[in-house]
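J.: Here it is, the structure in full.
Bear in mind these aren't lab numbers, they're just calculated from the coordinates by the rules spelled out. All of these numbers come straight from a predicted model, not from anything done at the bench. Cβ placement follows ideal geometry from the backbone for every residue including glycine, while neighbour counts extend to all protein chains displayed.
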């Protein structure tokens, strides 16, 4: 169904998006994304826009409580209501336990016996109208026996704590993990003997930092529509990971993968919130039972509580020893990650958090432990640079504290300790290039060039690193009979433009223009496997696949041309849409002519995949819980410098300027990469001062709306200066490029934190650094790290009784 | 579920519907009513009377020195009209920070008052200006109610269900006065007041404070006056010490609540800051100094 | 009881029988198939649903459809004239103002409303004019720059 057009399989006969990509990678011509015109005109159809004959509407019954035993669940009466087509519970689907990743198989599609977080799906309804579906959900008879919610990660580790999963010992799990009690996973990054080195250090600083959970908040809420045809189902989903969605739907419904097609028309942002497997299984099962297409669209409130993908609440204990000259000698750390009710991918993210706490610094002795702890909160997972912002926020404040202790300027402290080319990482990987230092210098220079500081202003800096994520990924490239090109890929476009930029890579290989290519993408029936828009991996992996396929097409073109031009392949080049003899401008033939010839014989058609690059050599022999991130492949280095104003009387922080300096290896698409930087910075600034979920003592979210979970508006966003440093990675993505999408969100909050401390003379050790927390730190010295995990204030019921709430 | 809908074009007709259909509720811009229902806080009324086409409610004028506003006067008009900005500056301050441009363009002063939110922006300025509203019902004519006693609790007013707010009358302030409205803003737009304050300050010939009225937003179930702060100001030199004293007096007398937006402690402390800054802005304007509208932006980081 | 709603959407007279509680957004999307206008939240906070009602920006998710009777609605789908993109659409497209595109329809409508009342807005006026439209992708900077470019182009054209 996608055959013959660039993007999406419209069901309603509207013309497909066909605007070709234009522009160059270096920014010398405007880069016009191929999906841009459809998006600018309102023609682009997102999942919730699709309509089908006989479409029915789904609604989920969510638990609405953090921890309870289901004592009665009876949809009999609800099934008799007008318009109701199907109501499903766990009794209606294969009764098996799965893991949304395979680290711990700890969940079922619908709740079985116990609900473990507020947004857990208890039942699902399909009805003729959304109103009828809502009425049926309300009519499902369900009774609970509330259980005490487990909300405190430290308390959950005590032996006497009740368990989120009492049957955990019977759960299947990754062989590198040993889940037990309330611990889903434990990983360490260890090198040398940190305890001994700390004992000999001139200065040792111990601190605790605590981060609250936050949300990805794509502007498009989750949406899924399932449409069966015989024993095959097409699932239109707002997913970032179509192949994962397909695989898990197959697993939970016990259907072979080849009978499931997952299609994403256009995706309205994800930021990790649409990674993983969410509601495709529920809706496919509903559509099968209802015998008609069924659509689910989450409300914004549901979007806050139901998709189990949020950032991790974290408790980070840090202990670092330095010499008198500021040289870091050793670090010890324990990180507790609140993984919420289900493990998802938190265990591996714990390992990443440990690597982030080590950072791109020369530290001879390291002992870092990350523990993923079950609670009755919303399950956390891989939201944009998972654990990175929180870890960087903690450790980069810690570095400023250390700098102060040894009397060094924060920039100088980092200069002395950041890794250079050839230095050793936390598991003895060898670093390539001076990206860490160069980005520090660039960011510090540019922010200082911004003019003198005003009253209440200060500068803060923070450095860091983030990995590229090698993985399997495939693409086809072909030349159509008129000489235009087509890329067919399994890669997923979440808005960043990574898929839209693939033609730049193919065009360069084939001497064509990006606008000569169409792209067929995000359809599991059509494109080869790709890991989805996660881990900043699209250009890194699928870009390599496209280049490989394009090179094979290039070989085919040159072979054809060598016959037509009676020249040796070695003397030929592809340029300006032609194959020609180098140095003989008259002897050339157009790619269109070659394509026409090929369509009478062997087609111009190739595949690209290839082995993902190996991780760098390292020594993880002292580490446990090894899940693949014992070293960071082709790490991106970065430093953000911010100019911040603090109103100490109110605690309100306004960031006035951000310089984001990043070593992305090689810039392949300057406008696209710049857009990632500016967007990441503003998301990070929201995380820095406003975005944090407030939980009630009952374990329910108290600010699950965009009124009380505040994002930055246009009026709040500062000027952002983007600087790229290029140190190509020898084992990186196309032309030595490295991951771009996640890094910009990592260091901004840390830089803001350091600026706040510089203005106020006190440190805020609780994220987000809300006005109230800054004010409290300024007025009482309370840094927030010991603030109760439970929220302040009364319950919602008490609020309602007091009658004060919304405007 | 809403069963009935009417969109009368005359006041008479609207009042008649409100008089005979006890379930009928008026809607003007819809910015509060529909949002409340979509969030599940309050279902839409069984019967809706859309009053946005009633020309008799859409007037606004300065008459005999007073600002006379039809209930349909929008926040955008109040924020942009020169006479409001110069004469009733606190009202312009407040109107300019309501929601987004869309909210300001559709949201009305009548709706804002009758929604009776403790965090409503325009109410505190209207209270310090001593504004009155006219409520009209079929068969009973009009009655005048001070804005200060219109709201009786969150979402509740002293208006009868068949009464419609037709007009807001805002008296002219003293010539030697200045006014301001400031709310504490976590972000610079799309905010809801964590605390807010309006001040109307009149200076004596010697520069001391001759009279002061202060009203507070989001610290009680309704918008309230702050007599303690007013007493602290009257007769005092118009300086930072007096502004702070007024802030402290307001904070000392307030009993704000804890909620998801702020703790009671923080609200009380911020009340002191916001009141001091609001009085400072009002005094500066009374002296003829220029404080930009909205004053909330100016207030960030002020030393007071 | 459903009532007859007649109005103009992007220049086309349309009608439908509409329940009084139904919002303009739902009527546009479900009854008229104008899905260019998006739904991102329930409380007028995100701005994805922004349309012009008689030229003024309105959050169509919190506006009763029947209140739009007889009025002229402009959605993102009505900005382009024939095959020619609106200068704002072109500036967004060329200036990196579009990533995932979900905020784009509302953002364009708010920008069009802003330029209609202020053809030469300062950067601050642009930022305030778009403050009711949340974007999670771009960091706003490319959008603000695109509005500046479009405004200059539109002024030059008049």
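J.: For chain B, what does -39500 (n - 2.57) per DSSP helix run (n ≥ 4), summed and divided by total residues, give at 222 nm, in deg cm²/dmol to the nearest 500? Could you put the intermediate results ahead of the total?
T.: Values: 12 runs with 103 residues, N = 304.
Mean residue ellipticity, 222 nm, calculated: -9500 deg cm²/dmol.
J.: Which of the peptides A:198-210, B:22-34, B:125-137 is most tightly packed, and how do the rest follow, judged by the mean count of other Cβ atoms within 10 Å per residue? Write down the numbers at each step before the final one.
T.: On the way: A:198-210: 16.7, B:22-34: 22.0, B:125-137: 24.3.
Descending mean neighbour count gives B:125-137, B:22-34, A:198-210.
J.: In Å and whole numbers, how far do the C-alpha atoms of chain A stretch along each principal axis, longest first?
T.: In descending order, the Cα extents are 82, 75, 51 Å.
J.: Next up: For region C:1-135, what is one quarter of the convex hull surface built on the Cα atoms, given in nm²?
T.: Reported value for the Cα convex hull: 8.1 nm².
J.: Report the relative contact order of chain B, percent, no decimals, based on alpha-carbon pairs under 8 angstrom and at least 6 residues apart.
T.: 16 percent
J.: With the Cα gyration tensor of region A:29-173 giving a ≥ b ≥ c as the square roots of its eigenvalues, does the rule (a/c under 1.5 for rounded; else a/b larger than b/c for prolate; else oblate) give rounded, prolate or oblate?
T.: Taking the square roots of the gyration eigenvalues as a ≥ b ≥ c, region A:29-173 is oblate.
J.: Measuring from centroid to centroid over Cα atoms, what is the spacing of region A:573-650 and region C:63-117 in Å?
T.: Spelled out, the Cα-based centre of one part sits 35 Å from the other.
J.: Simple spin-label model, 7 Å along Cα-to-Cβ: residue A:145 to residue A:167 in nm?
T.: A separation of 1.6 nm, rounded to one decimal place.
J.: Still on this model: Is there a simple number for the mean count of other chain Cβ atoms within 10 Å of the Cβ of residues in A:770-781, and what is it? Don't skip to the end; give the middle numbers.
T.: Numbers: counts 4, 7, 10, 1, 0, 6, 4, 0, 0, 3, 1, 0.
Averaged over the peptide's residues, the number is 3.
J.: Shifting gears a bit: Let a ≥ b ≥ c be the square roots of the eigenvalues of the Cα gyration tensor of region A:31-81; is it rounded (a/c under 1.5), or, if not, prolate (a/b larger than b/c) or oblate? Please report the intermediate quantities before stating the final value.
T.: Working: a/c = 6.97, a/b = 2.22, b/c = 3.15.
Judged from the Cα gyration tensor, region A:31-81 comes out oblate (a/c at least 1.5, b/c at or above a/b).
J.: Let me ask something else. Can you order the peptides B:160-171, A:328-339 by their average number of other Cβ atoms within 10 Å per residue, highest first?
T.: Final packing ranking: A:328-339, B:160-171.
J.: Follow-up. With only alpha-carbon atoms in the gyration tensor, what are the semi-axes of the equivalent ellipsoid for region A:608-730, in Å, largest first?
T.: Working: eigenvalues 229, 113, 44 Å².
Over the Cα atoms of region A:608-730, the semi-axes work out to 34, 24, 15 Å.
J.: Take the alpha-carbon centre of region A:147-212, take the same for region B:41-93, and report the distance between them in whole Å.
T.: Result: 59 Å between the Cα centres.
J.: I've got another one for you. Report, in deg cm²/dmol and to the nearest 500, the calculated mean residue ellipticity at 222 nm for chain A, where each DSSP H run with n ≥ 4 adds -39500 (n - 2.57) and the sum is divided by the residue count.
T.: Result for chain A: -7500 deg cm²/dmol, rounded to the nearest 500.
J.: Per 0.36 nm of contour for each residue apart, how much would the distance between residue B:9 and residue B:176 grow if the chain were fully extended, relative to their Cα-Cα spacing?
T.: Contour length minus Cα-Cα distance gives 56.0 nm.
J.: Mind checking A:296-303 for the average number of partner chain beta-carbons within 10 Å of each residue's beta-carbon?
T.: For this peptide, the per-residue mean of nearby foreign Cβ atoms is 3.
J.: Another question, if that's okay. What is the mean projected area of the alpha carbon convex hull for region A:664-758, to one decimal in square nanometres?
T.: Projected area, direction-averaged: 8.8 nm².
J.: If eta is 1.306 mPa s and T is 10 °C, what Stokes-Einstein diffusion coefficient results for region C:56-158, Kirkwood Rh from Cα pairs, in µm²/s?
T.: 112 µm²/s
J.: If I model a spin label as a point 7 Å beyond the Cα along the Cα-Cβ vector, how far apart are those points for residue A:208 and residue B:86 in nm?
T.: For residue A:208 paired with residue B:86, the spin-label model returns 6.0 nm.
J.: Could I get the Rg over Rh figure for region C:1-41? Both from C-alpha atoms, Rh via Kirkwood, rounded to two places.
T.: 0.96
J.: Just to be sure I understand the curve: with the Debye formula and one point per C-alpha of region B:140-239, what is log10 I(q)/I(0) at q = 0.15, 0.16, 0.19, 0.20 Å⁻¹?
T.: Values returned for q = 0.15, 0.16, 0.19, 0.20 Å⁻¹ are -0.80, -0.88, -1.08, -1.12.
J.: Another question, if that's okay. Students often get this wrong: which residues of region B:1-26 have the backbone nitrogen under 13 Å from the point 7 angstrom along Cα-to-C-beta of residue B:160?
T.: Counting only backbone N, you get B:16, B:18-22.
J.: Next question, about the same structure. Using the per-residue mean of other Cβ atoms lying within 10 Å as a proxy for protection, in what order, highest first, do the peptides C:70-80, A:500-510, C:41-51 fall?
T.: Numbers: C:70-80: 20.7, A:500-510: 25.5, C:41-51: 28.1.
Result, highest mean Cβ count within 10 Å first: C:41-51, A:500-510, C:70-80.
J.: Among rounded, prolate and oblate, which fits region B:200-289 when a ≥ b ≥ c are the square roots of the eigenvalues of its C-alpha gyration tensor, a/c under 1.5 means rounded, and a/b larger than b/c means prolate?
T.: Prolate is the answer for region B:200-289, as a/c is 1.5 or above and a/b outweighs b/c.
J.: Could I ask something else about it? At 20 °C and a viscosity of 1.002 mPa s, what translational diffusion coefficient does Stokes-Einstein give for region A:505-663, taking Rh as the Kirkwood radius over Cα pairs? Give it in µm²/s as a whole number.
T.: Rounded to a whole number, D works out at 106 µm²/s.
J.: To the nearest whole number, what is the average tally of beta carbon atoms from other chains within 10 Å of the beta carbons of peptide A:260-271?
T.: Working: counts 0, 0, 0, 0, 0, 0, 3, 3, 11, 9, 3, 3.
Average neighbour count from other chains, rounded to a whole number: 3.
J.: In addition: GNM on chain B, C-alpha springs below 10 Å: top fluctuator among B:223, B:231, B:214?
T.: Sorting by GNM fluctuation, first place goes to B:231.
J.: Also: How large is the Kirkwood hydrodynamic radius of region A:514-575, counting all unique pairs of alpha carbons, in Å?
T.: Working: mean 1/r = 0.0713 Å⁻¹.
By the Kirkwood definition, the hydrodynamic radius is 14.0 Å.
J.: Could you quote the convex hull projected area for region A:114-272, Cα atoms only and averaged over all directions, in nm²?
T.: 16.1 nm²
J.: What is the distance in Å between the Cα centroid of region A:71-133 and that of region B:245-292?
T.: Cα centres, region A:71-133 to region B:245-292: 50 Å.
J.: Take the Cβ-Cβ distance between residue A:176 and residue C:84 as r, set R0 to 41 Å, and report the resulting FRET efficiency rounded to the nearest 0.05.
T.: Values: r = 59 Å, r/R0 = 1.44.
E between residue A:176 and residue C:84, to the nearest 0.05, is 0.10.
J.: Now for a separate question. Against the 2.2 N^0.38 Å scaling, with N counting residues, where does chain B land? I'd like the Cα-based Rg ratio to two decimal places.
T.: Here the answer is 0.98, to two decimals.
J.: Moving on. Pull out the extension gain between residue A:96 and residue A:619, defined as 0.36 nm times the separation in residues minus the alpha carbon to alpha carbon distance; nm, one decimal.
T.: 184.5 nm
J.: Average the reciprocal distances over every distinct pair of alpha-carbons in region A:407-457, invert the result, and give the Kirkwood radius in Å. List each step's numbers first, then the result.
T.: Working: mean 1/r = 0.0787 Å⁻¹.
In region A:407-457 this quantity evaluates to 12.7 Å.
J.: While we're here: Give me the percent relative contact order of region A:107-183, please, defined on Cα pairs under 8 angstrom at least 6 residues apart.
T.: So the answer I get is 18 percent.
J.: Taking the convex hull of the alpha carbon atoms in region B:1-100, what volume per residue do you get, in Å³?
T.: Normalising the Cα hull of region B:1-100 by residue number yields 112 Å³.
J.: If I model a spin label at residue A:445 and residue A:131 as a point 7 Å from the Cα along the Cα→Cβ vector, what separation in nanometres do I get?
T.: Going from the residue A:445 label point to the residue A:131 one covers 6.6 nm.
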